[in-house]
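Scroll down for the structure; my scribbles are underneath it.
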Amino acid sequence: MSVIRLSAYVLISFAMLFNACSDDKSKIKLPQPDTNNAGLTLPEGFGAIITVDNVGRGRHLAVNENGDLYVKLRTPRDGHGILAFRDNDKNGIMDEHKGFMPYGGTGIALHNGYLYCSSDSNIYRYKMNPGELTPTAEMELIAADFPKQGPHASKPMTFDGEGNMYVTVGAPVNAGEEVAFSVESPGVDPSPHTKWQAGIWQFDANKQNQTQAEAYHYAIGVRNALAFDWNFETNALYGVNHGRDQLQGFWPKLFTLEQNADLPAEQFIKINKDQDYGWPYCYYDHFQNKQVLGPEYGGDGSKTERCEGVEPPLLSLPAHTAPNDMIFYTGNLFPERYKNGAFVALHGSWNRAPYPQMGYSVVFIPFKNGEPTGEIEEFATGFAGAEEIKAPTDAKYRPTGLAQGPDGDLFIVDSVKGRIWRVYYYL
């Protein structure tokens, strides 16, 4: 064998060995799980630690390549809408923190060297320089002029691989009613809220000072998709849409308390360009497996007029469980079956009385060959602190944000006290 061929053989062998070691999750030094996984019940082989506690009313999360953690707060704490954390000694526990950004809100994401974040009215970003825990660059305005609204005002965002940013704008009313949140109020037809709200808008991720009017109205009739993410395996956008509320509360002559508690389903949907998802005219009844006409527009729980063309969801989740965040898992730490599947944070219901509330958990939606398998698995439970609660104020913790760490661990933030767990796999 010539010297050149031998050298090439050695280099190739070394590269193969290096890659094998780099991909071996056993090389990652994992912290010991907290006692009882800090209150969580997880599948076999998984464990959890509290990486930071009592940060405030946490909403969404982002984790940088070096492990720095960024938490968006519902309301600013000490004047800061974002808290940044760093684990200096690499033991899994955050030991340094700083705050920045003046506005509270929900959305936050790291993309192409920038930290994007939102208030309830605008989308901003900061340039993140290597080594910085908090940015030294000025905050840039990316998107503005969204409608002013109270309900569903959050502006989460996600990104594709082609320079586009997608923003959710929620519906400001429950179901298109003329008098918001009122008994037997008829729906406004056509609804004025589907022009600038109840949908997904596509922006240029790199252009400053855009307005909503300049953006592309990507999908309509999406009531409130706080939980949405781009799937790079299928190259498509997915979300979990909040269903409408209070069928019996607002239409007591047509619906029972049991129907009020169990309808309509939260919808796991593939968000296609130019598609109409039916709000406010239609809602999804998972018992009948069809879209039905809302009572505000003449429906009685069985009529399907004007809803036949509305696509059913890929999957339905229990009613009123409030899916508030979703991420597609792309790491290598968890077993292979989790790869490219979706984790969803269920913030928990508030309107199932007199029945027990539901949700307050993180669920997993497996994908196979680019499609959901049709199953929904409980992944992390125990947040509420009791098996049965009557009201959301009884819940000790409520999961509302998710992020994947650089080692493939899963971060979960709570919205009550601001506890943040890190979930690892040990087998």
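The values are calculated or read from the model by the stated rules, or taken from the named source; none is laboratory data. Keep in mind that what you see is a predicted model, and the values were worked out from it rather than measured. In this analysis, Cβ positions are derived from the backbone assuming ideal geometry, glycine residues included, and neighbour counts consider all displayed protein chains.
The table that follows gives values for the structure above.
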read-out	value
Residue that is nearest to ASP245 (Cα to Cα) [pool: residues in segment 178-217 that are among the charged types (D, E, K, R) and not in a loop (DSSP other than H, G, I, E, B)]	GLU214
Some residue of segment 262-280 being closer than 14 Å to GLY170 by Cα, part of a strand (DSSP E or B), touching a residue at least 60 places away in the same chain (Cβ under 8 Å) and of a type in the set (Phe, Trp, Tyr)	no
Checklist (1) more than 24 Å from the chain's Cα centre (by Cα); (2) buried (at least 19 other Cβ atoms within 10 Å of the Cβ) applied to ALA198, failing item	(1)
Checklist (1) crowded, with 19+ Cβ neighbours inside 10 Å; (2) out of contact with any strand residue (DSSP E or B) (no Cβ under 6 Å at 6 or more places or on another chain); (3) in contact (Cβ under 8 Å) with a residue 40 or more places away in the chain applied to ASN112, failing item	(1)
Single residue of segment 300-324 satisfying the filter (small (Gly, Ala, Ser) and either without any contact (Cβ under 8 Å) to a residue 40 or more places away in the chain or outside any loop (DSSP other than H, G, I, E, B) (or both)) that is nearest to ASN351 (Cα to Cα)	SER316
Test: GLU214 is surrounded by fewer than 13 Cβ atoms within 10 Å (Cβ to Cβ), farther than 14 Å from PRO280 by Cβ and either at pLDDT below 95 or of a type in the set (D, E, K, R) (or both)	no
Residue list for segment 286-318, restricted to those being buried (at least 20 other Cβ atoms within 10 Å of the Cβ), closer than 20 Å to ASN260 by Cα and of a type in the set (Val, Ile, Thr)	VAL292
Test: residue in segment 406-423 that is surrounded by fewer than 18 Cβ atoms within 10 Å (Cβ to Cβ), part of a strand (DSSP E or B) and in contact with a Ser or Thr (Cβ under 7 Å, 6 or more places away or on another chain)	no
Given (1) more than 23 Å from the chain's Cα centre (by Cα); (2) at pLDDT 95 or above; (3) under 22 Å from THR51 (Cβ atoms), index of the condition MET139 fails	(3)
Residue list for segment 115-130, filter: free of Cβ contacts under 8 Å to residues at least 24 places away in the same chain and either among the small types (Gly, Ala, Ser) or more than 18 Å from GLU65 (Cα to Cα) (or both)	TYR124
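Results for (1) without any contact (Cβ under 8 Å) to a residue 60 or more places away in the chain; (2) crowded, with 19+ Cβ neighbours inside 10 Å; (3) in a loop (DSSP other than H, G, I, E, B); (4) under 17 Å from the mean Cα position of the chain (by Cα), shown as yes or no for each residue.
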residue	(1), (2), (3), (4)
MET326	no, yes, no, yes
ASN340	no, no, yes, yes
VAL344	no, yes, no, yes
ASN351	no, no, yes, no
ALA384	yes, yes, yes, no
